[in-house]
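Comments concern the structure below.
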Amino acid sequence: MVSLQDMSTIHSPGSPPRMCERTGRLCALPQREIYSTTQRLDYYPEININCDAFNSASIAGSSLASAKCADSWRNVLVPVNEGVLKRIIRTFFESGFAEALNEARDTQVAGGNAMISSVAEYTFQTIEFLKRVKSKIFPHMKEQGISSIARHSETRDWIRSYIRCIVWHPNCFKIAVAGMDDIVRIYTDEPAIVPVLKSASQKWITCMAWRPYTAAELAVGCQKGICLWTMDNNMHITRSTSQAIFLKHPNHCPITSVQWNSDGTLLASASIGDTDVIIWDADKMQNTALKRVGPPCSLLKWSPNSSCLFSSTVTNVFRVWACENKWQPERWTITHGSIQSACWSPCGGFLLFVTSEEPILYRLQFFEEQLFKNGSSPKQALPIADLSKITVDNREVGGHPQCVAWDPNGHFLAITFKDTPCIAIFTTCIQKFNLSISPSCFLAGNGNEYPSYICFQSKHRKNSDTVLTIGWSSGRIQYFPFGNM
């Protein structure tokens, strides 16, 4: 098992690299240090989503203050001579059953009518009792708030992050960036044209996925469901919902993960409010639920060949579904916490993951002939890297991991952390049934920046280098090529 102690330097993007890879093994640079100049990658758009682009303070508090705003306009617009029953009925149609019940419970609103307030209070207590019973039987079904979304997100500090998700198109040079303002911006190699995707139904964006082998179909997971956008290549700005299909399923919200399979025929979605994984056939507008009893799902990762679907829950349980074997699942458990982030190797033979409670990188090994065979030999997730917090040049690095990303060539692995500002880079080598991993370097931002979100660009691109895309906490996006590593 390798350790962060083996990484002897912090490498800031744009500064000279201190370590390099040679024949699959790490080696020290010669005594003469070579300084590489900061280069701007051709065709790559300059992106900076910061406080100048939108009012971050109002956006960050809008979700938390919505109830207060609703109370304000409701109190202003109430007619003076409105009857008790009429007011309760109006509240029901405007704000739902819960608000109407609270109106009826208020003795001042009820106008001294003891029967109305008593019946409302009895109904309220009954509902609360049933909720407590449900929370005892299904303790995780109540995790549906914005804080729960942030806890299970791969984006660091999701609630206050300028950048909430970044995703590259798998087949062409196109990148989608979701901001705190619930707007998705599409960037290409033509920086003058930046399409904008915005809809009233698109709130609390948590995840996105481009549909493979289509030029402009994007699935956006949000609070109430999935916005499936189909964009016109000549479109500059899109604000109409006519170009977005909204996919919803009962109790399947908020969406915390969406993933297309490799050929773009099926879309998988997970929600921390639902125990089922939903498989969507977007062309036929049909869906199939992969039902299991237990805690809700939070994260999905489809293997590169779409033969397996990884799904983790909000607890220590996760599953690997055999897509070609009638969706048969293999159930796994971890010792502490839940799965924080995971990624497949390009060959689909290995799955790396980190948990919410341990500074350890784990490896699962999958052989096609052994994955779903009924054998007596126990299967284990092996720890392969120690990510415990250390101090390098008066800077803390490592700790509890936030997100892991593996480049499409299987050569580099990037890991971000919840409480430290650096990105750990490992070199990996896959040889048939063997995976080797070695520490390489750290990446640091400017000043007090920390990485909010990271991902690697797909193999189908104009630049031949392996490129790590970093969304920093300041709102800027940086592209780090590994050509000199």
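The values are calculated or read from the model by the stated rules, or taken from the named source; none is laboratory data. Since the structure is predicted, the reported quantities are computational estimates derived from the model, not experimental observations. Using ideal geometry, Cβ is built from the backbone for each residue, glycine included, and neighbour counts are taken over all protein chains shown. For the accessible areas, the whole protein counts, side chains as well, though only heavy atoms, and no ligand, DNA or RNA atoms are used. Shrake-Rupley method; radii C 1.70, N 1.55, O 1.52, S 1.80 Å.
The order of Glu99, Glu94 by accessible area, most exposed first and with a 1.4 Å probe, is Glu94, Glu99. By the gyration tensor of its Cα atoms, with a ≥ b ≥ c the square roots of the eigenvalues, what is the shape of segment 383-478: rounded for a/c under 1.5, prolate for a/b over b/c, or oblate? Because a/c hits 1.5 or more and a/b fails to exceed b/c, segment 383-478 counts as oblate. If you add up the charges near Asp276, with Lys and Arg at +1 and Asp and Glu at -1, over every other residue whose beta carbon is less than 9 angstrom from its beta carbon, what do you get? With Lys, Arg at +1 and Asp, Glu at -1, the neighbours total +1. Using a probe of 1.4 Å, the accessible surface attributed to Leu130 totals some 110 Å² when neighbouring protein chains are kept in position. Quick one: what do you get for segment 255-304 if you divide its Cα Rg by 2.2 N^0.38 Å? Expressed relative to 2.2 N^0.38 Å, the Cα Rg reads 1.10. The loop-placed chymotrypsin sites (Phe, Trp or Tyr not before Pro) in segment 260-367, going by DSSP, that have at most 16 neighbouring Cβ atoms within 10 Å of their Cβ come out as Trp327, Phe367.
Sorted largest first by accessible area at a 1.4 angstrom probe radius, with every protein chain in place, the residues Arg87, Arg292, Arg319 fall in the order Arg292, Arg87, Arg319. Between Val84 and Thr126, the C-beta separation translates, for a Förster distance of 25 Å, into a calculated FRET efficiency of about 0.70.
Filter Lys131/Lys284; Lys131/Lys418; Lys224/Lys291 down to the pairs with a C-alpha to C-alpha distance above 29 Å, please. Each step should come with its number before you reach the end.
Numbers: Lys131/Lys284 37 Å; Lys131/Lys418 33 Å; Lys224/Lys291 20 Å.
Long pairs (Cα-Cα over 29 Å): Lys131/Lys284; Lys131/Lys418.
Ranked by solvent-accessible area (1.4 Å probe, protein heavy atoms only, all chains present), the residues Asp232, Asp274 order from largest to smallest as Asp232, Asp274. Counting heavy atoms of the protein chains alone, Tyr187 has an accessible area of about 30 Å² for a 1.4 Å probe.
Which net charge results when you count Lys and Arg as +1 and Asp and Glu as -1 among the other residues whose beta-carbon is under 13 Å from that of Glu396?
Once positives and negatives cancel, what remains is +1.
Across segment 274-328, C-alpha contacts under 8 Å between residues 6 or more apart give a mean separation that, scaled by the residue count, equals a relative contact order of 24 percent.
Within the set of other residues whose C-beta is less than 10 Å from the C-beta of Val177, count the net charge using Lys and Arg as +1 and Asp and Glu as -1. Could the numbers behind the result be given before it?
Working: positive: Arg164, Arg185; negative: none.
It works out to a net charge of +2.
Using a probe of 1.4 Å, the accessible surface attributed to Thr275 totals some 30 Å² when neighbouring protein chains are kept in position.
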